[in-house]
1. Any chance you could count how many residues in the range 138-151 are surrounded by fewer than 17 Cβ atoms within 10 Å (Cβ to Cβ) and touching a Pro at 6+ places or on another chain (Cβ under 9 Å)?
2. What about GLY108, is it in contact with a Gly (Cβ under 9 Å, 6 or more places away or on another chain), closer than 12 Å to SER125 by Cβ and not hydrophobic (A, V, I, L, M, F, W, C)?
3. List, please: which pairs have Cβ atoms under 7 Å, are six or more places apart or on different chains, and start with a residue in the range 147-167 that is among the small types (Gly, Ala, Ser) and end with one that is assigned to a loop (DSSP other than H, G, I, E, B) and buried (at least 17 other Cβ atoms within 10 Å of the Cβ)?
4. Only one of GLY108, GLY81, GLY100 is of a type in the set (Gly, Ala, Ser), surrounded by fewer than 17 Cβ atoms within 10 Å (Cβ to Cβ), modelled with pLDDT of 95 or more and in contact with a Ser or Thr (Cβ under 7 Å, 6 or more places away or on another chain); which?
Amino acid sequence: MAADKASATPAVEGTSTISDALDRLGLPGSAHGISPLANGQRMFGPAYTVRYVSAGYPPGTVGDYIDDIPAGAVVVLDNAGRTDCTVWGDILTAVSIQRGIAGTAVNGVCRDTHRALTTGYPIFSSGRFMRTGKDRVEVAEIGGTVNLGDVQVRQGDLVIGDDDGVVVVPQGRIDEVLALAHRIAQREADILAAALKSGSLRDARATFGYHTLQRLASGS
């Protein structure tokens, strides 16, 4: 079940902390406008990218790419942010669960949300709408660069989703970003502990440099 897989997600920092690490390194990656279908969902894995365009004549298909996605990957679908038709529904959700896919992020809307909600399969999107994308959109490219909100995603980039949304970490910077996020999380834990002990958040923030944690800096 997807809920069981979610509990096995590697222990990484939340999207807020990873977003701070991306800011500190001067990297984009926080996908604006992409939200979880429900609270409590988490996903973590390399991106498998699919890009859609408006259907031509005769129309192409919405694709059978799901058969080629490896277990543990995150499906990233770029439907150009369209909210008038969807490219993800219950059949894809069911097959993804069976294949061990880590989750789905859609630059656009999803539908048939009941199955995802009842199974715990993680979906992050611009919203939900019931109209099919068949004969309205078609697959233009698989494995290329796509958009997710206002962020570019390349095949193999790390995609992380939680209650606060989705962040994307460039494939060549994953270790660096996650290590920095871990240090930021530790610093914030120190600030909280000091504030609770002393009763002064102002002093704790000053001691541990809270206001500069996410600023672009060389070195650490």
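1. Selection size over the range 138-151: 1.
2. Here the answer is yes, as GLY108 does meet what is asked.
3. As it stands, the answer is GLY149/ALA31; GLY149/ILE34; GLY161/GLN41; GLY161/ARG42; GLY161/PRO122; GLY165/ALA31; GLY165/ILE34, since those pairs meet every condition given.
4. The match here is GLY81.
The values are calculated or read from the model by the stated rules, or taken from the named source; none is laboratory data. All of these numbers come straight from a predicted model, not from anything done at the bench. Neighbour counts are summed over all protein chains in view; Cβ atoms, including those assigned to glycine, are modelled from backbone coordinates with ideal geometry.
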